[in-house]
Amino acid sequence: MFAVEIIAKKRDKQELSSDEIKFFVDGYAQETIPDYQASAWCMAVLLNGMTPTEATHYTLHMAHSGDMLDLHDIAPFVVDKHSTGGVGDKTTLIVAPLVAYHGLPVGKMSGRGLGFSGGTVDKLESIRGFNPSLSTEQFLQTLAQHGVVVSGQSADLAPADGKFYALRDVTATVTSLPLIAGSIMSKKIAAGADAIVLDVKVGRGAFMQTEAEAEALATLMVDIGQGVGRRVAAVLSDMNQPLGNTIGNALEVKEAIETLHGGGPTDLREHCLTIGGKMLQLADKAATLEEAKTMLATSLDGGQAWNKFVEWIVAQGGDQSQLENPDTLPQAPLVETVNAPNSGYISAIDAAEVGKTGVQLGGGRLQKSDIIDPSVGIVLHAKVGDECTAGTPLLTIHANDQTKLDAARQRLLEAIHWSDEPVEALPHTLKIIG
Ligand code: URA
């Protein structure tokens, strides 16, 4: 087989066989297929799609490109969650310890930022000492001892996805439905969880812009997971505006800490209760989603989730004193609050524009080799539906460079839309599948 023939076949809209997909996935993982051929193949898939059968083969070959974990020696039932990618999405930081506190082990493999969307691993790395690069042995040991572990892409688990993920990020091939499904489900299947909750984002700041696209992605992932015997549910949630108030790695860790203390923005807390609640429900720890959410709210407000968070971060090498004094997390040298230019109601905050501004400030990558600055980002002081008075704080920019700050101010003011009439707040959960 030759890579060029497989690229040509996909370019010509033909269905690839399992063997052809395996040849390509293994070839790229083992570096016998170079970046330029893998880029062309990803673009052909983005433009011409995959059949559900091709997407399933792609997922399983990616999962089998490394170790396949069986966690049953550690716990009878392990759960996992994964987001399709959004702006300001720090859900894992809150939900993983929250659910683990309820006696449900959470073993999770997370990604770095992708396109304009942030990544859990980048956020966690803003905590001094935190180690996301765990070997399989360390992953298992941390899960067994603490009931919660979050690892970055490793050389052991779904290594092919690690390579494709980084390539897609910088070749404008992120938004392909089968490539997203394969990327997420290969990691989930390899990491061995029995139940998986997929957080499928919809809207301007998501890779799926419409509910129909999101539902197609959710259904494909649920089918792939159930096909290999996992319990899978998908929550379709709104991503037209950022989740919570902060965008940027250290700023998002701070907001997660507030939420773990029982505070934090209402939309973020509600979203975490829904995702965590669905995890408890899939594991038969609660009869209904409402019951599960009430259990979780009690442990957010009572400090138990916070204690579990500290235990987990310290177990992965993180500095406890930084968690207890969040002001010691990385701080940007330039901090500017931008006031509302007029009075009125906020009718839209373009989440994609806010995400791209965060990347331009240095919080994300434009090239594979870019080093991100954990301190930069944006804090929103108002969300869609809020009424603002001219001259009151609208948002705060954290930057490391005055030129970038000036560009961000302009871009963010253009991303916020106004109405003279009252505007309804945006919904959180649109639909639950499975
Ligand atoms: N998250 C992933 O892990 N992969 C994607 O492709 C998109 C979001």
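The values are calculated or read from the model by the stated rules, or taken from the named source; none is laboratory data. Please read these numbers as outputs of a predicted model, since none were measured by experiment. Virtual Cβ from ideal backbone geometry, glycine too; neighbours counted across all protein chains shown. When the accessible area is computed, the model is the full protein with side chains, heavy atoms only, and any ligands, DNA or RNA have been set aside. Shrake-Rupley method; radii C 1.70, N 1.55, O 1.52, S 1.80 Å.
Each row is one residue, and each column tells you yes or no for (1) assigned by TED's automatic domain parsing to the domain that holds residue 358; (2) among the aromatic types (Phe, Trp, Tyr); (3) closer than 20 Å to residue 431 by Cβ; (4) under 21 Å from the mean Cα position of the chain (by Cα).
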| site | (1), (2), (3), (4) |
| --- | --- |
| 236 | no, no, yes, yes |
| 263 | no, no, no, no |
| 268 | no, no, yes, yes |
| 294 | no, no, no, no |
| 316 | no, no, no, yes |
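Sort through 138, 153 and tell me the only one that's of a type in the set (S, T, N, Q), assigned to a loop (DSSP other than H, G, I, E, B) and open to solvent by 30 Å² or more (accessible area, probe 1.4 Å). Walk me through it before giving the result.
Details: 138 fails: assigned to a loop (DSSP other than H, G, I, E, B).
Unique residue meeting the criteria: 153.
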Would you confirm whether any residue within segment 371-380 is open to solvent by 10 Å² or more (accessible area, probe 1.4 Å), touching a residue at least 60 places away in the same chain (Cβ under 8 Å) and closer than 16 Å to residue 410 by Cα? yes
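So if I check each of 47, 98, which one is open to solvent by 50 Å² or more (accessible area, probe 1.4 Å) and within 26 Å of residue 238 (Cα to Cα)? Give the derivation first.
Working: 98 fails: open to solvent by 50 Å² or more (accessible area, probe 1.4 Å).
It is 47.
Pull up segment 61-83, narrow it to residues that are more than 16 Å from the ligand (Cβ to nearest atom) and assigned to a helix (DSSP H, G or I), then point me to the one that is nearest to residue 258 (Cα to Cα). Let's see the steps before the verdict.
Narrowing segment 61-83 to residues more than 16 Å from the ligand (Cβ to nearest atom): 64, 67-79.
Next, only the ones that are assigned to a helix (DSSP H, G or I) stay: 71-73.
Numbers: 71: 32, 72: 34, 73: 35 Å.
Step by step, filter segment 61-83, then rank; the result is 71.
Give the residue, chosen from 429, 403, that is touching a residue at least 24 places away in the same chain (Cβ under 8 Å), of a type in the set (Val, Ile, Thr) and open to solvent by 30 Å² or more (accessible area, probe 1.4 Å). Full working, then the answer.
Numbers: 403 fails: touching a residue at least 24 places away in the same chain (Cβ under 8 Å).
So the residue among 429, 403 that is touching a residue at least 24 places away in the same chain (Cβ under 8 Å), of a type in the set (Val, Ile, Thr) and open to solvent by 30 Å² or more (accessible area, probe 1.4 Å) is 429.
Where in segment 339-434 are the strands (runs of 3 or more DSSP E), entirely inside, with at least 3 residues that are farther than 30 Å from residue 166 by Cα? Working first, answer last.
Working: elements: 344-349, 377-380, 393-399, 416-419, 429-433.
Filter on segment 339-434 gives 344-349, 393-399, 416-419.
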If you check 118, 129, 86, 147, which single one turns out to be open to solvent by 10 Å² or more (accessible area, probe 1.4 Å) and within 14 Å of the ligand (Cβ to nearest atom)? 118
Are there any pairs with C-beta distances below 9 angstrom linking a residue in segment 314-327 that is farther than 17 Å from residue 121 by Cβ to a residue that is in a helix (DSSP H, G or I) and among the small types (Gly, Ala, Ser), with the two at least 6 apart or on different chains, and if so which? 326/250
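Take segment 58-74 and flag every residue that is farther than 15 Å from residue 221 by Cβ and open to solvent by 10 Å² or more (accessible area, probe 1.4 Å). Don't jump to the end; show me each part of the working.
Within segment 58-74, the subset farther than 15 Å from residue 221 by Cβ is 61, 64-74.
The answer is 61, 64, 65, 66, 67, 68, 69, 70, 72, 73, 74.
Please go through segment 150-191 and give me each residue that is acidic (Asp, Glu), in contact with a helix residue (DSSP H, G or I) (Cβ under 6 Å, 6 or more places away or on another chain) and within 13 Å of the ligand (Cβ to nearest atom), ordered by number.
161 - this is the single residue of segment 150-191 that is acidic (Asp, Glu), in contact with a helix residue (DSSP H, G or I) (Cβ under 6 Å, 6 or more places away or on another chain) and within 13 Å of the ligand (Cβ to nearest atom).
Of the residues in segment 1-43, how many are of a type in the set (D, E, K, R) and in contact with a Gly (Cβ under 9 Å, 6 or more places away or on another chain)? Let's see the steps before the verdict.
First, the residues of segment 1-43 that are of a type in the set (D, E, K, R): 5, 9-13, 15, 19-20, 22, 26, 31, 35.
After this cut, where a residue has to be in contact with a Gly (Cβ under 9 Å, 6 or more places away or on another chain) as well, the list is 13.
Residues that pass the stated criteria total 1.
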I'd like the residue in segment 101-115 that is part of a loop (DSSP other than H, G, I, E, B) and within 21 Å of the chain's Cα centre (by Cα) and, out of all such residues, is nearest to the ligand (Cβ to nearest atom). 111
When restricted to 292, 332, 297, 286, the only residue open to solvent by less than 70 Å² (accessible area, probe 1.4 Å), assigned to a loop (DSSP other than H, G, I, E, B) and closer than 17 Å to residue 98 by Cβ is 286
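Do the conditions hold for residue 253, that is, is it surrounded by fewer than 21 Cβ atoms within 10 Å (Cβ to Cβ) and either over 20 Å from residue 94 (Cβ atoms) or of a type in the set (A, V, I, L, M) (or both)? So that I can check it myself, show each step before the final result.
Numbers: surrounded by fewer than 21 Cβ atoms within 10 Å (Cβ to Cβ): no; either over 20 Å from residue 94 (Cβ atoms) or of a type in the set (A, V, I, L, M) (or both): yes.
In short, no.
Return yes when residue 212 is surrounded by fewer than 21 Cβ atoms within 10 Å (Cβ to Cβ) and either within 13 Å of the ligand (Cβ to nearest atom) or in the same structural domain as residue 111 (by TED's automatic domain parsing) (or both) and no when it is not. Don't jump to the end; show me each part of the working.
Working: surrounded by fewer than 21 Cβ atoms within 10 Å (Cβ to Cβ): yes; either within 13 Å of the ligand (Cβ to nearest atom) or in the same structural domain as residue 111 (by TED's automatic domain parsing) (or both): yes.
Criteria met by residue 212.
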